[in-house]
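Got a structure here, written out as structure tokens. Questions coming.
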Amino acid sequence: METEKPEYVDFAVTARKYKTLLTTKYKNRKQWINPSPYDIQSIIPGTILEIFIKEGDIVKEGEPLLILEAMKMQNRIEMPFTARIKKINVEVGVRIPKDSLMIELEAVDVE
Amino acid sequence: MTLKKNILALRQKKAIVEKGGGDKAIEKQVAMGKMTARDRILALLDANSFHEYDLFVEHEERNFGMDDKVLAGDGVITGTGTMNGTPICIYAQDFTVMGGSLGLKHARKITKIMDHALKMKVPCIGINDSGGARIQEGIGALAGYGEIFYRNTMASGVIPQISVILGPCAGGAVYSPALTDFVFVVENISKMFITGPNVIETVLGEKISQEDLGGARVHAEITGNAHFYALSEMECIEQIKELVSLIPHSNQEKAASVEPKEPSFKKNIENIIPADPKQPYDVREVIHALTDDSKFLEVHELWAANIVIGFGRLNGETIGFVANQPLYLAGVLDCDASDKAARFIRYCDAFNIPIVTLEDMPGYLPGVDQEHAGVIRHGAKMLYAYSEATVPKITVILRKAYGGGYIAMNSRHLGADFMLAWPSAEIAVMGPEGAANIIFRKEIMEAEDEDAMRQQKVQEYIEKFANPYVAASKGYIDAVIEPLETRDMLLHALEVSKNKDDFRPAKKHGIPPF
């Protein structure tokens, strides 16, 4: 069993660092990214069926942005809050994976 | 006129059905690197011990051109036999017969042998090698799966149930293995998934190979669906035989005891663990230093490697070991480790196998991914499993026992029968650095040299609290022992707890945080 010494890494648990090995699953884990409210991401993979808005539009909260067809369901993606459409990264007919950035928003002054 | 003619006719009839899907299909099976269903059964069981049931069962489907299709044994071989003398019920799906697809009669052959196993109180082994539901039979195939799952659940905790995945096992079929106690997989042969790569690509546009989606290695290392991983069918068969030799035939029995043996492990147990609690080592060496003949059958070797579980013998009796593994992820508890240990503890408890816990862990793994993956819910499973278990429960604290993890690792407070600690044990609410930072925050902040003050306070904390004697002074630890005394203490503890009787309030069943 005593072959060459494995490559131990520093592994922090609370205030102390331990020498240890990492598992494959740990190495491949997804890093958490704080989601921006201005990014509209797909919560499920699917196909863009229809887009109701264009770049530069000011869209009110609750208005439809697009239809994302996934698992034979037509999901209506709505505006989370009133804002301007900064960029549309998808087009009709395109199949997108989960967590892809579909639409970017920017803040507007609303009276 | 004798019966000779009838006997010859029977032999002929048998010979045809025993060929399964015929020579061509068998050739194909072998070309895929797989054994035939019959050869698998014969390799698992003692020579000449297999007795087949329901060889002549036929399907009753009349639609989709099935009325003139003859399927040998309806694609599954069932029967009884012995494995190293242990009586066994067994079934093996025959991929050479219509892809081993499951129709109602196929399923009924399986449920019949399962009912038999449950009644006779013997282990049931299922070999899966099937393309899935026989679509022509429609709802009949679904009914068949459901009837199998129901029996898997009824037999759970009563007789050992073992699933061997030696081919595809997809869709609903995966849930029978998932409900059983132990799942065996073989590299390049086993494939398990709910929805296969084709469906995933059509529906979602995600491209992935069968192997990457649900191959043997994936289930052994990533999902934890498989408990044992082998490189060949023959290695897998040896693993099954070893496991069966270590577990009881039913929950009404104890595992067979064998001639006791001293450990053969060469390294001195005192020299395995580094004194510096930040340095790693392989906790399996400690297990080897304790068990009879230093033998240990590890379960879930690749999945959640930060905790080690498996079976070994002490004084000839089967013991379940649960041990933190500082070699991986510093031996922390996380979602997978808690899940892995909890199910094993419940297995041992259901089948009258005493549990020895070896503890050396710095706490729970911090991180957003862990919290969001439900480490609260998963971690609670372990508390539940240890508290619920009534088999003898012995803990040896080797080194670190910090915080919530100390409670979780079969502490006195969860009902441990014996709490032992090595002199190297550090039983504390958290690691010394963390504790000193909180308790002496003011002193450290106000000091001229913060680092020097922190070091001093950490040192003070280590001297006062990072030892087994505070816990021992409160009676939470029964004895502080030298490492060399450990095996003798374990043997003694097991001897003392032979007639252990522990009561639980009457209930239909508990509600563990599944």
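The values are calculated or read from the model by the stated rules, or taken from the named source; none is laboratory data. In this text, all values refer to a predicted model and were calculated from it rather than measured experimentally. Backbone-built Cβ (ideal geometry, glycine too); neighbour counts: all protein chains shown. The protein model used for the area step is the full one, side chains on, heavy atoms only, and it has no ligands, DNA or RNA in it. Shrake-Rupley method; radii C 1.70, N 1.55, O 1.52, S 1.80 Å.
In the range A:1-108, with Lys and Arg counted as +1 and Asp and Glu as -1 at Cβ, which of these residues, A:Ser36, A:Val59, A:Leu105, has the Cα nearest the positive end of the dipole, that is, farthest along it?
Ranked along the dipole, the leading option is A:Ser36.
Then there is this: Give me the distance in nm between label points sitting 7 Å out from Cα along the Cα-to-Cβ direction at B:Ile439 and B:Lys508, one decimal.
4.8 nm
Using the Cα centre of the range B:387-514 as the reference point, and only Cβ charges (+1 on K/R, -1 on D/E), how large is the resulting charge dipole? Debye, rounded to the nearest 20.
Working: 16 positive and 19 negative charges, 172 e Å.
I would put it at about 820 debye.
Need one number: nm distance between label points at B:Lys121 and B:Lys5, each 7 Å from Cα along Cα→Cβ, rounded to one decimal.
Result for the modelled spin labels: 4.8 nm.
Per residue, what accessible area does the protein assembly as shown have, given a 1.4 Å probe and all protein chains present, in Å²?
Working: 30430 Å² over 625 residues.
Accessible area per residue: 49 Å².
Using the alpha-carbon centroid of each, what span in Å lies between the range B:81-99 and the range B:188-206?
The range B:81-99 and the range B:188-206 have Cα centres separated by 28 Å.
Here is a further query. Just report the Cα centroid separation between the range B:278-342 and the range B:398-447, whole Å.
Using only Cα atoms to place each centre, the spacing works out to 21 Å.
Would you pull out the residues with amide H under 5 Å of A:Gly46's amide H, same chain only if 5 or more places away, H placed 1.01 Å from N?
Amide H neighbours of A:Gly46: A:Ile96.
Over 27 Å between Cα atoms: which of A:Lys27/B:Lys457; B:Lys267/B:Lys381; A:Lys30/B:Lys457; B:Lys24/B:Lys69; B:Lys19/B:Lys112 fall into that group? Don't jump to the answer; show the numbers that get you there.
Details: A:Lys27/B:Lys457 34 Å; B:Lys267/B:Lys381 35 Å; A:Lys30/B:Lys457 37 Å; B:Lys24/B:Lys69 17 Å; B:Lys19/B:Lys112 22 Å.
Cα-Cα > 27 Å for A:Lys27/B:Lys457; B:Lys267/B:Lys381; A:Lys30/B:Lys457; rest within.
Ignoring any ligand, DNA or RNA, what whole percent of the accessible area of the protein assembly as shown comes from carbon and sulfur when the probe is 1.4 angstrom? Let's see the in-between values first.
Numbers: 16500 of 30430 Å².
Its accessible area is 54 percent carbon and sulfur atoms.
Highest GNM mean-square fluctuation, chain A, Cα pairs closer than 10 Å: which of A:Ala12, A:Ala83, A:Ala70?
Judging by the Gaussian network model, the answer is A:Ala12.
Label 7 Å along Cα→Cβ of A:Lys86; the range A:50-64 residues with amide nitrogen under 16 Å?
Once the point is set 7 Å along Cα→Cβ of A:Lys86, A:55-59 turn out to lie under 16 Å by backbone N, inside the range A:50-64.
From the protein chains alone at 1.4 Å, what is the descending order of accessible area for B:Val470, A:Val90, largest first?
Values: B:Val470 45, A:Val90 20 Å².
Highest to lowest solvent-accessible surface, that is B:Val470, A:Val90.
Accessible area drop of at least 40 Å² (1.4 Å probe, protein heavy atoms): which residues of the range B:175-221 qualify, relative to the chain alone?
When all protein chains are present, B:Val203, B:Leu204, B:Glu221 each give up 40 Å² or more of accessible surface.
So how much accessible area does B:Glu259 have, in Å² to the nearest 10, using a 1.4 Å probe?
150 Å²
So, R0 is 30 Å and r is the distance between the beta-carbons of B:Lys69 and B:Ile139; what FRET efficiency does that work out to, to 0.05? Please report the intermediate quantities before stating the final value.
On the way: r = 19 Å, r/R0 = 0.63.
Efficiency, rounded to the nearest 0.05: 0.95.
What's the FRET efficiency of A:Glu78 with B:Leu55 using the Cβ-Cβ distance as r and R₀ = 51 Å, to the nearest 0.05?
On the way: r = 61 Å, r/R0 = 1.20.
For A:Glu78 and B:Leu55, the calculated efficiency is 0.25.
Can you list residues whose amide H is under 5 Å from B:Asn467's amide H, if they're 5+ apart or on another chain and H is modeled 1.01 Å from N?
Those lying under 5 Å, H to H, from B:Asn467 are B:Ile427.
Additional query: Give the relative contact order (percent, whole number) for chain B; include only Cα pairs under 8 Å separated by 6+ residues.
Computed over chain B, the figure is 8 percent.
Select from the range B:308-348 all residues whose loss of accessible area on going from the chain by itself to the full protein assembly reaches 20 Å² or more (probe 1.4 Å).
B:Leu327, B:Tyr328, B:Leu329, B:Ala330, B:Asp336
So what is the relative contact order for the range B:36-87, in percent, with contacts set as C-alpha pairs under 8 Å and at least six apart?
On the way: 53 pairs, mean separation 24.4, N = 52.
Reported relative contact order: 47 percent.
Suppose accessible area is computed on protein heavy atoms with a 1.4 Å probe; arrange B:Lys267, B:Lys464, B:Lys500 from highest to lowest. Let's see the in-between values first.
On the way: B:Lys267 80, B:Lys464 130, B:Lys500 55 Å².
So the residues, ranked largest to smallest area, are B:Lys464, B:Lys267, B:Lys500.
Just read off the accessible area of B:Glu18 with the full protein assembly in place, 1.4 Å probe, to the nearest 10 Å².
Counting only protein heavy atoms, B:Glu18 exposes about 80 Å² to solvent.
Just tell me how shielded A:20-31 is by partners: mean number of partner chain Cβ atoms within 10 Å of each residue's Cβ, no decimals.
On the way: counts 13, 9, 5, 11, 5, 11, 11, 0, 1, 4, 2, 3.
That works out to 6 on average.
Using amide H atoms built in the peptide plane, which far-off residues or other-chain residues are under 5 Å from B:Tyr328 H to H?
For B:Tyr328, whose amide H was placed from the backbone, the distant partners under 5 Å are A:Leu21.
Give me the accessible area of B:Asp488, 1.4 Å probe, in Å² rounded to the nearest 10.
110 Å²
Oh, and also: To the nearest whole number, what is the average tally of beta carbon atoms from other chains within 10 Å of the beta carbons of peptide B:275-282? Provide the component values of the computation, followed by the final result.
Numbers: counts 0, 2, 2, 8, 4, 7, 0, 2.
Across the residues of B:275-282, the mean count of other-chain Cβ atoms within 10 Å is 3.
Could you state how much accessible area is buried at the B-A interface, both sides summed, with a 1.4 Å probe, in Å² to the nearest 100?
2600 Å²
While we're here: With +1 assigned to the C-beta of every Lys and Arg and -1 to the C-beta of every Asp and Glu, and no other charges, what is the dipole magnitude of the range B:250-318 about the Cα centre in debye, to the nearest 20? Intermediate results must be reported in sequence, preceding the final value.
Details: 8 positive and 12 negative charges, 16 e Å.
Roughly 80 debye, rounded to the nearest 20.
Work out the charge dipole of the protein assembly as shown with +1 on the Cβ of Lys and Arg and -1 on the Cβ of Asp and Glu about the Cα centre, then indicate which of B:Gln455, B:Leu246, B:Leu302 is farthest towards its positive end.
About the Cα centre, the residue reaching furthest to the positive side is B:Leu246.
Here's a follow-up. Set the Förster radius R0 to 22 Å, insert the Cβ-Cβ distance between B:Val199 and A:Ile43 as r into 1/(1 + (r/R0)^6), and round the FRET efficiency to 0.05. Intermediate results must be reported in sequence, preceding the final value.
Details: r = 20 Å, r/R0 = 0.90.
Efficiency computed from Cβ-Cβ geometry: 0.65.
Sticking with this one: Run the dipole for chain B about the Cα centre, Lys and Arg Cβ at +1, Asp and Glu Cβ at -1, nothing else charged, and hand back the magnitude in debye, nearest 20. Working shown, then result.
On the way: 54 positive and 68 negative charges, 438 e Å.
Dipole of chain B, to the nearest 20 debye: 2100 debye.
Among B:Phe514, B:Phe465, what's the order by accessible area (1.4 angstrom probe), most exposed first? Each step should come with its number before you reach the end.
Details: B:Phe514 170, B:Phe465 85 Å².
So the residues, ranked largest to smallest area, are B:Phe514, B:Phe465.
Then there is this: Relative contact order for the range B:252-302: what is it in percent, counting Cα pairs under 8 Å that are at least 6 residues apart?
Working: 40 pairs, mean separation 21.6, N = 51.
In percent, rounded to a whole number, it is 42.
Sticking with this one: Classify the range B:95-228 as rounded, prolate or oblate from the Cα gyration tensor: take a ≥ b ≥ c as the square roots of its eigenvalues, call it rounded if a/c is under 1.5, otherwise prolate when a/b beats b/c and oblate if not.
In terms of gyration-tensor shape, oblate.
Positive end of the dipole of chain B, charges at C-beta (+1 Lys, Arg; -1 Asp, Glu), about the Cα centre: which of B:Ile427, B:Ile477, B:Gly215 has its Cα farthest in that direction?
B:Gly215
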